[in-house]
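Only one structure is covered here, and it is reproduced in the block below.
The values are calculated or read from the model by the stated rules, or taken from the named source; none is laboratory data. What you see is a predicted model, and the numbers here were worked out from it, not measured in a lab. Don't worry about glycine lacking a Cβ; one is built from the backbone with ideal geometry, like all the others, and counts go over all protein chains shown. Quick note on the areas: whole protein, heavy atoms, side chains included, nothing else; ligands and nucleic acids left out. Shrake-Rupley method; radii C 1.70, N 1.55, O 1.52, S 1.80 Å.
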Amino acid sequence: GGLSYVSDAVKGNVSYGNSTHTNTIGVNATGGVVVHDAGVKFVSELGDTIAIVQAEGATGAHVMPNKFTTIDEDGIAIVPYVTPFQWNNIDLDLKDTDMGVEVDNSRITTAPTAGAAVKLVFDSRRSTSAVMRARRADGKAVPFGSSINLPDGTTAGTVGGGGNFIVSGLTEATDITVKWGNTAQDQCVVHFVPDADAAKPNRAPVEVREVVCEPKASTSAPAPTVGES
(Lines give C-alpha, C1' and ligand atoms only; values in the text may rest on other atoms or scores of the structure.)
Protein backbone atom coordinates (compact mmCIF):
# COMPACT_ATOMS: atom_id res chain seq x y z
CA GLY A 1 0.00 0.00 0.00
CA GLY A 2 1.05 3.57 -0.51
CA LEU A 3 -0.01 7.14 0.16
CA SER A 4 1.20 10.20 -1.75
CA TYR A 5 1.00 13.85 -0.75
CA VAL A 6 1.60 16.92 -2.90
CA SER A 7 1.42 20.56 -1.78
CA ASP A 8 2.97 23.83 -2.86
CA ALA A 9 5.79 23.34 -0.36
CA VAL A 10 6.63 19.62 -0.45
CA LYS A 11 5.97 16.37 -2.29
CA GLY A 12 6.20 13.01 -0.53
CA ASN A 13 4.88 9.49 -0.14
CA VAL A 14 4.64 6.71 2.41
CA SER A 15 4.58 3.02 1.46
CA TYR A 16 4.04 -0.20 3.38
CA GLY A 17 4.65 -3.76 2.30
CA ASN A 18 3.96 -7.04 4.05
CA SER A 19 4.93 -10.61 3.24
CA THR A 20 5.27 -13.85 5.17
CA HIS A 21 8.63 -13.03 6.66
CA THR A 22 9.08 -9.26 6.24
CA ASN A 23 7.42 -5.90 6.78
CA THR A 24 8.71 -2.84 4.93
CA ILE A 25 7.99 0.83 5.38
CA GLY A 26 9.27 3.55 3.10
CA VAL A 27 9.07 7.32 3.45
CA ASN A 28 10.45 9.99 1.16
CA ALA A 29 9.96 13.69 0.59
CA THR A 30 11.25 16.10 -2.02
CA GLY A 31 11.15 19.84 -2.47
CA GLY A 32 13.21 22.96 -2.78
CA VAL A 33 13.91 26.28 -1.11
CA VAL A 34 14.07 29.64 -2.89
CA VAL A 35 15.58 32.62 -1.10
CA HIS A 36 14.63 35.90 -2.77
CA ASP A 37 14.47 39.61 -1.97
CA ALA A 38 11.02 39.32 -0.35
CA GLY A 39 11.67 36.26 1.80
CA VAL A 40 11.99 32.48 1.65
CA LYS A 41 9.76 30.13 -0.33
CA PHE A 42 9.41 26.34 -0.02
CA VAL A 43 8.36 24.54 -3.21
CA SER A 44 7.58 20.92 -4.05
CA GLU A 45 9.53 21.00 -7.32
CA LEU A 46 12.47 23.07 -8.47
CA GLY A 47 14.21 23.03 -11.82
CA ASP A 48 17.41 24.70 -12.95
CA THR A 49 15.66 27.73 -14.46
CA ILE A 50 12.77 29.25 -12.51
CA ALA A 51 10.55 32.32 -12.29
CA ILE A 52 9.68 34.19 -9.10
CA VAL A 53 6.24 35.70 -9.72
CA GLN A 54 4.97 38.59 -7.62
CA ALA A 55 1.30 39.63 -7.70
CA GLU A 56 0.34 41.65 -4.63
CA GLY A 57 -3.17 40.99 -3.35
CA ALA A 58 -3.87 38.21 -5.87
CA THR A 59 -3.91 35.34 -3.36
CA GLY A 60 -5.22 32.15 -4.96
CA ALA A 61 -4.53 33.19 -8.56
CA HIS A 62 -3.16 30.40 -10.74
CA VAL A 63 0.14 31.02 -12.51
CA MET A 64 -0.02 29.38 -15.92
CA PRO A 65 1.12 27.26 -17.67
CA ASN A 66 1.39 25.26 -14.42
CA LYS A 67 -2.18 25.36 -13.04
CA PHE A 68 -1.01 23.90 -9.70
CA THR A 69 1.17 26.95 -9.03
CA THR A 70 -0.76 29.61 -7.12
CA ILE A 71 -0.06 32.99 -5.55
CA ASP A 72 0.27 32.65 -1.78
CA GLU A 73 -0.84 35.13 0.87
CA ASP A 74 2.55 36.83 0.63
CA GLY A 75 1.86 37.65 -3.04
CA ILE A 76 4.58 35.30 -4.34
CA ALA A 77 4.58 32.10 -6.41
CA ILE A 78 7.45 30.07 -7.83
CA VAL A 79 7.20 28.68 -11.36
CA PRO A 80 9.52 25.66 -11.00
CA TYR A 81 10.34 25.12 -14.66
CA VAL A 82 11.00 27.79 -17.28
CA THR A 83 12.60 27.01 -20.64
CA PRO A 84 15.88 28.91 -21.07
CA PHE A 85 16.72 30.86 -24.25
CA GLN A 86 13.09 30.73 -25.38
CA TRP A 87 10.11 32.99 -24.93
CA ASN A 88 7.94 31.77 -22.05
CA ASN A 89 4.42 33.12 -21.49
CA ILE A 90 3.56 33.44 -17.80
CA ASP A 91 -0.17 34.10 -17.36
CA LEU A 92 -2.10 35.08 -14.24
CA ASP A 93 -5.51 33.41 -13.98
CA LEU A 94 -7.71 35.32 -11.51
CA LYS A 95 -10.63 32.89 -11.60
CA ASP A 96 -10.14 31.67 -8.02
CA THR A 97 -9.37 35.08 -6.49
CA ASP A 98 -11.99 37.39 -5.01
CA MET A 99 -13.71 39.90 -7.27
CA GLY A 100 -11.78 42.79 -5.75
CA VAL A 101 -8.51 41.84 -7.50
CA GLU A 102 -7.52 43.82 -10.58
CA VAL A 103 -4.53 43.44 -12.90
CA ASP A 104 -3.63 45.67 -15.85
CA ASN A 105 -1.82 42.94 -17.83
CA SER A 106 -2.34 39.25 -17.07
CA ARG A 107 0.60 38.02 -19.19
CA ILE A 108 4.36 38.53 -18.93
CA THR A 109 6.78 37.09 -21.47
CA THR A 110 10.35 36.20 -20.48
CA ALA A 111 13.36 34.54 -22.14
CA PRO A 112 15.80 33.71 -19.30
CA THR A 113 19.30 32.35 -19.57
CA ALA A 114 20.04 28.81 -18.37
CA GLY A 115 20.11 28.51 -14.59
CA ALA A 116 18.47 31.90 -14.02
CA ALA A 117 15.91 32.83 -11.40
CA VAL A 118 13.94 35.66 -13.03
CA LYS A 119 11.53 37.85 -11.10
CA LEU A 120 8.27 38.79 -12.82
CA VAL A 121 6.07 41.45 -11.23
CA PHE A 122 2.40 41.78 -12.19
CA ASP A 123 0.80 45.18 -11.68
CA SER A 124 -1.98 43.80 -9.50
CA ARG A 125 -3.96 45.38 -6.71
CA ARG A 126 -6.93 44.70 -4.49
CA SER A 127 -9.66 47.28 -4.86
CA THR A 128 -13.20 47.40 -3.58
CA SER A 129 -16.54 47.40 -5.30
CA ALA A 130 -19.71 48.87 -3.85
CA VAL A 131 -23.30 48.00 -4.58
CA MET A 132 -25.25 51.25 -4.31
CA ARG A 133 -28.98 51.09 -3.58
CA ALA A 134 -29.95 54.56 -4.62
CA ARG A 135 -33.23 56.29 -3.83
CA ARG A 136 -34.31 59.80 -4.66
CA ALA A 137 -35.27 62.35 -2.04
CA ASP A 138 -38.93 61.28 -2.27
CA GLY A 139 -37.97 57.70 -1.37
CA LYS A 140 -38.49 56.24 -4.84
CA ALA A 141 -35.74 54.17 -6.44
CA VAL A 142 -33.85 55.82 -9.28
CA PRO A 143 -35.28 54.64 -12.63
CA PHE A 144 -34.20 51.33 -14.11
CA GLY A 145 -31.73 51.77 -16.99
CA SER A 146 -30.41 55.17 -15.86
CA SER A 147 -26.82 55.80 -16.85
CA ILE A 148 -24.05 56.09 -14.25
CA ASN A 149 -21.66 58.91 -15.09
CA LEU A 150 -18.34 59.82 -13.46
CA PRO A 151 -17.02 63.40 -13.22
CA ASP A 152 -14.68 62.88 -16.20
CA GLY A 153 -17.67 62.17 -18.42
CA THR A 154 -17.22 58.40 -18.70
CA THR A 155 -20.19 56.10 -18.30
CA ALA A 156 -19.60 53.52 -15.57
CA GLY A 157 -22.71 51.40 -16.17
CA THR A 158 -26.46 51.45 -15.79
CA VAL A 159 -28.93 51.16 -12.94
CA GLY A 160 -30.54 47.77 -12.39
CA GLY A 161 -33.74 46.83 -10.62
CA GLY A 162 -34.53 48.50 -7.32
CA GLY A 163 -32.13 51.36 -7.96
CA ASN A 164 -29.05 49.12 -7.64
CA PHE A 165 -25.79 49.77 -9.45
CA ILE A 166 -22.15 48.82 -8.91
CA VAL A 167 -19.11 51.07 -8.75
CA SER A 168 -15.55 49.76 -8.58
CA GLY A 169 -12.02 51.04 -8.56
CA LEU A 170 -12.91 54.41 -7.01
CA THR A 171 -10.23 55.40 -4.50
CA GLU A 172 -11.26 59.00 -3.82
CA ALA A 173 -14.45 60.83 -2.91
CA THR A 174 -16.48 61.15 -6.11
CA ASP A 175 -19.81 62.64 -7.18
CA ILE A 176 -21.61 60.06 -9.32
CA THR A 177 -24.33 61.43 -11.59
CA VAL A 178 -27.35 59.21 -12.23
CA LYS A 179 -29.07 60.32 -15.42
CA TRP A 180 -32.32 59.15 -17.03
CA GLY A 181 -33.08 62.26 -19.09
CA ASN A 182 -31.59 65.48 -20.38
CA THR A 183 -33.08 67.98 -17.94
CA ALA A 184 -31.86 68.71 -14.42
CA GLN A 185 -35.03 67.11 -13.05
CA ASP A 186 -34.01 63.86 -14.74
CA GLN A 187 -30.69 63.65 -12.95
CA CYS A 188 -29.42 63.23 -9.42
CA VAL A 189 -26.08 62.87 -7.67
CA VAL A 190 -24.71 60.24 -5.29
CA HIS A 191 -21.81 61.39 -3.12
CA PHE A 192 -19.45 58.40 -2.90
CA VAL A 193 -16.80 58.32 -0.17
CA PRO A 194 -14.60 55.16 -0.12
CA ASP A 195 -14.20 53.20 3.08
CA ALA A 196 -10.63 53.72 4.27
CA ASP A 197 -10.40 50.10 5.46
CA ALA A 198 -12.24 48.48 2.56
CA ALA A 199 -9.12 47.44 0.62
CA LYS A 200 -7.54 45.60 3.55
CA PRO A 201 -7.24 41.81 3.10
CA ASN A 202 -9.61 41.02 5.97
CA ARG A 203 -12.44 43.08 4.53
CA ALA A 204 -15.06 41.84 2.07
CA PRO A 205 -14.33 42.95 -1.53
CA VAL A 206 -17.93 44.08 -2.02
CA GLU A 207 -19.90 46.36 0.27
CA VAL A 208 -23.57 47.32 0.03
CA ARG A 209 -24.69 50.88 0.71
CA GLU A 210 -28.08 52.52 1.00
CA VAL A 211 -27.65 55.99 -0.49
CA VAL A 212 -29.74 59.03 -1.33
CA CYS A 213 -29.46 60.39 -4.84
CA GLU A 214 -29.76 64.12 -4.34
CA PRO A 215 -31.35 66.41 -6.94
CA LYS A 216 -28.88 67.67 -9.50
CA ALA A 217 -29.71 71.31 -8.71
CA SER A 218 -28.63 70.84 -5.08
CA THR A 219 -25.04 70.28 -6.17
CA SER A 220 -24.77 73.66 -7.88
CA ALA A 221 -23.26 76.64 -6.16
CA PRO A 222 -25.92 78.69 -4.34
CA ALA A 223 -27.06 81.89 -6.00
CA PRO A 224 -25.66 85.05 -4.43
CA THR A 225 -27.95 86.82 -1.99
CA VAL A 226 -29.13 90.28 -3.04
CA GLY A 227 -28.98 92.69 -0.14
CA GLU A 228 -31.69 95.21 0.64
CA SER A 229 -31.05 98.81 -0.27
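Structure values in brief
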{"quantity": "Under DSSP loop assignment and at most 12 Cβ neighbours within 10 Å, longest chymotrypsin sites (Phe, Trp or Tyr not before Pro)-free interval of the chain", "calculated": "88-229"}
{"quantity": "Sites matching trypsin sites (Lys or Arg not before Pro) across region 126-183 that sit in DSSP coil, with at most 15 neighbouring C-beta atoms within 10 Å", "calculated": "K140"}
{"quantity": "At R0 = 41 Å, FRET efficiency that the Cβ-Cβ distance of S4 and V131 yields, to 0.05", "calculated": "0.40"}
{"quantity": "Accessible surface of region 1-61 [probe 1.4 Å, protein heavy atoms]: carbon and sulfur percent", "calculated": "56"}
{"quantity": "Over the chain, volume per residue of the alpha carbon convex hull, in Å³", "calculated": "217"}
{"quantity": "Candidates per GluC sites (Glu not before Pro) in region 1-96, loop by DSSP, up to 12 other Cβ within 10 Å", "calculated": "E73"}
{"quantity": "Accessible area of region 49-168 divided out per residue, in Å², using a probe of 1.4 angstrom", "calculated": "50"}
{"quantity": "Spin-label pair N23/V208, simplified geometry with 7 Å Cα→Cβ offset, distance in nm", "calculated": "5.8"}
{"quantity": "Cα gyration tensor, region 48-106 - rounded (a/c under 1.5), prolate or oblate", "calculated": "prolate"}
{"quantity": "Cα-based convex hull volume of region 1-120 per residue, rounded to whole Å³", "calculated": "124"}
{"quantity": "Among G39, I148, V6 the positive-end extreme of the charge dipole of the chain (Cβ point charges)", "calculated": "V6"}
{"quantity": "DSSP-defined beta bridges in the chain - what % are antiparallel, rounded to 5", "calculated": "80"}
